[in-house]
Protein chains: 2
Amino acid sequence: MGIDRRKLIVEAAEKSFSLFGYKATTMDQVAKLASVGKGTIYTFFKNKEELFAEIASTLVHEMKAEAEAVIQPGLPFTENVHRALFRMLEFRSEHLLMIKLIQEEKEMGTLAVTEMLQHIENEIIAYIKHKLEGVNHTILQTDLEITSFLLFKLYIALVSDWEKNHEALSSEKIAEIMKVFLLKRLSD
Amino acid sequence: MGIDRRKLIVEAAEKSFSLFGYKATTMDQVAKLASVGKGTIYTFFKNKEELFAEIASTLVHEMKAEAEAVIQPGLPFTENVHRALFRMLEFRSEHLLMIKLIQEEKEMGTLAVTEMLQHIENEIIAYIKHKLEGVNHTILQTDLEITSFLLFKLYIALVSDWEKNHEALSSEKIAEIMKVFLLKRLSD
DNA sequence: AAAATGACTATTTTTGTTTTTTGGTCATTT
DNA sequence: AAATGACCAAAAAACAAAAATAGTCATTTT
């Protein structure tokens, strides 16, 4: 078999989105970077947005994998929840594409980017919910949804928002705060 | 004594900022609305931003007054914290000026508005902190800061953010969630 | 004399127009 | 059958001209 053009395209796009953002990435550029004719891109993806969707989907998978990798069966449940969440937010602030997208959303408000970030957020919350599901059967479905949502918001607040006006909190401190919150939420 | 021109100006500005936002309010317009020469405005306020600051300051005072008004000495502490916070966020979503500023910040990203909203947020957090201070002496200063900050973020998440994708939560539900959080934070 | 004013100005913002860029197509080539 | 890049309509950027605006200050009013 010849070269995997689809893969070349996805890799080129990932690189370009990470480096220049969504708006500033042109299809011509992706084609050139992938050493592929522009038309070829459209044999694999309906349009720019679908190409973007594919890459974001990979990103979410990676993020979940990172979270899973950090969970250790021996540790207490709340500790694992913290480790997974913290790892995901770490990932969020390390991953070049994530950084670029968050910046583009803030500075230019590109619609496709806003929607994508919202989608990623929903995916993360759904993942948290899924993880919590198996553990405590007495909790109501609504409460599970709220709890997942709040956990995420709590973490964003502690990891990202707090930094804007204060010195960053240590992972341990965050774990401590979150343990109190989570324990109480899941045990009544 | 003659007419209080300063008051006329402040009232006109408040009305115009509420109706059209910061950017779209012109000094000529404020002067006309206040039936005052434009130069007169500058005898009371250094520039447009200071006029804005005065009005925002009044807003914060009103907001605190609303919070105070809803606190009842007989009720349990956590109940009062909830009532005060909930009232402030209600105020936030009822008060015309607040609504307009939040909208302007989102849609146009006017710098002066962003800064002002940040300032208001800080004031609210400081107020919460002040209220918590008297109650529990064993709590650390840092934790007090974090707790106030989190309380605010928690409320914004429950009252504003949640609504974007779900049906709004009742005041009672929010009170319940928050009680768990607050009780635990303040009692160890 | 003190307070108030609005014509004036330098700067910013908006508007209208032209040029360039870009996403997507499709007839041709590999 | 798969890949391509010249091509096109539509969007965005660049530019210029016109309009609007924050702030000043010489003149007028009290």
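The values are calculated or read from the model by the stated rules, or taken from the named source; none is laboratory data. Source: prediction; values computed, not measured. No Cβ is skipped: glycine too gets one built from the backbone with ideal geometry, and neighbour counts run over all protein chains shown.
Scanning region B:1-19 for residues that are over 25 Å from B:MET108 (Cα atoms) and part of a helix (DSSP H, G or I) yields B:ARG5, B:ARG6, B:LYS7, B:LEU8, B:ILE9. As a summary of the residue check, A:THR110 satisfies the conditions (1) more than 12 Å from DNA strand D (Cβ to nearest atom); (2) in contact with a Lys or Arg (Cβ under 7 Å, 6 or more places away or on another chain); (3) in the same structural domain as A:LEU132 (by TED's automatic domain parsing) except for the one numbered (1).
Here the condition is being within 18 Å of B:HIS82 (Cα to Cα), within 12 Å of chain A (Cβ to nearest Cβ) and at pLDDT below 90; of B:LEU183, B:LEU158, it holds for B:LEU183 alone.
The single condition among (1) more than 14 Å from chain A (Cβ to nearest Cβ); (2) within 27 Å of B:TYR22 (Cα to Cα) that B:GLN118 does not satisfy is (1).
For the subset of region B:27-63 comprising residues that are away from DNA strand C (no atom under 11 Å from the Cβ) and hydroxyl-bearing (Ser, Thr, Tyr), which member is farthest from B:GLU123 (Cα to Cα)? Here the answer is B:THR58.
Count of region B:64-85 residues, restricted to those that are in contact (Cβ under 8 Å) with a residue 24 or more places away in the chain and under 15 Å from B:LYS129 (Cα atoms), is 8. Would you say B:PHE77 is more than 11 Å from the chain's Cα centre (by Cα) and within 16 Å of DNA strand C (Cβ to nearest atom)? When the stated conditions are applied, B:PHE77 does not pass them. For region A:28-63, the candidate set comprises residues that are over 14 Å from the mean Cα position of the chain (by Cα), among the charged types (D, E, K, R) and in a helix (DSSP H, G or I); within that set, the residue that is farthest from DNA strand D (Cβ to nearest atom) is A:GLU50. One residue is enough: does region B:96-112 have a residue meeting the conditions closer than 28 Å to A:THR147 by Cα, buried (at least 18 other Cβ atoms within 10 Å of the Cβ), more than 9 Å from chain A (Cβ to nearest Cβ) and without any contact (Cβ under 8 Å) to a residue 40 or more places away in the chain? No, region B:96-112 has no match at all.
Residues that are modelled with pLDDT under 95 and more than 9 Å from DNA strand D (Cβ to nearest atom) within region A:1-19 comprise just one, A:MET1. Just checking, does region B:20-27 include any residue being outside any loop (DSSP other than H, G, I, E, B), touching a residue at least 60 places away in the same chain (Cβ under 8 Å), within 12 Å of DNA strand D (Cβ to nearest atom) and not assigned by TED's automatic domain parsing to the domain that holds B:ARG83? Yes: region B:20-27 contains one or more residues that are outside any loop (DSSP other than H, G, I, E, B), touching a residue at least 60 places away in the same chain (Cβ under 8 Å), within 12 Å of DNA strand D (Cβ to nearest atom) and not assigned by TED's automatic domain parsing to the domain that holds B:ARG83. Selection of first residues in region B:144-158 that are of a type in the set (S, T, N, Q) and of second residues that are assigned to a helix (DSSP H, G or I), restricted to Cβ pairs under 7 Å at least 6 apart or on distinct chains, gives the following pairs, ordered by first then second residue: B:THR147/B:LEU132; B:THR147/B:ARG185; B:SER148/B:ILE125; B:SER148/B:ILE128; B:SER148/B:LYS129; B:SER148/B:LEU132.
Filtered by the rule that a residue be under 13 Å from the mean Cα position of the chain (by Cα) and touching a residue at least 12 places away in the same chain (Cβ under 8 Å), region A:114-129 gives A:MET116, A:LEU117, A:HIS119, A:ILE120, A:GLU121, A:GLU123, A:ILE124, A:ILE125, A:ALA126, A:TYR127, A:ILE128. For region A:53-60, the criterion of being under 30 Å from A:PHE181 (Cα atoms) and at pLDDT 95 or above is met by at least one residue.
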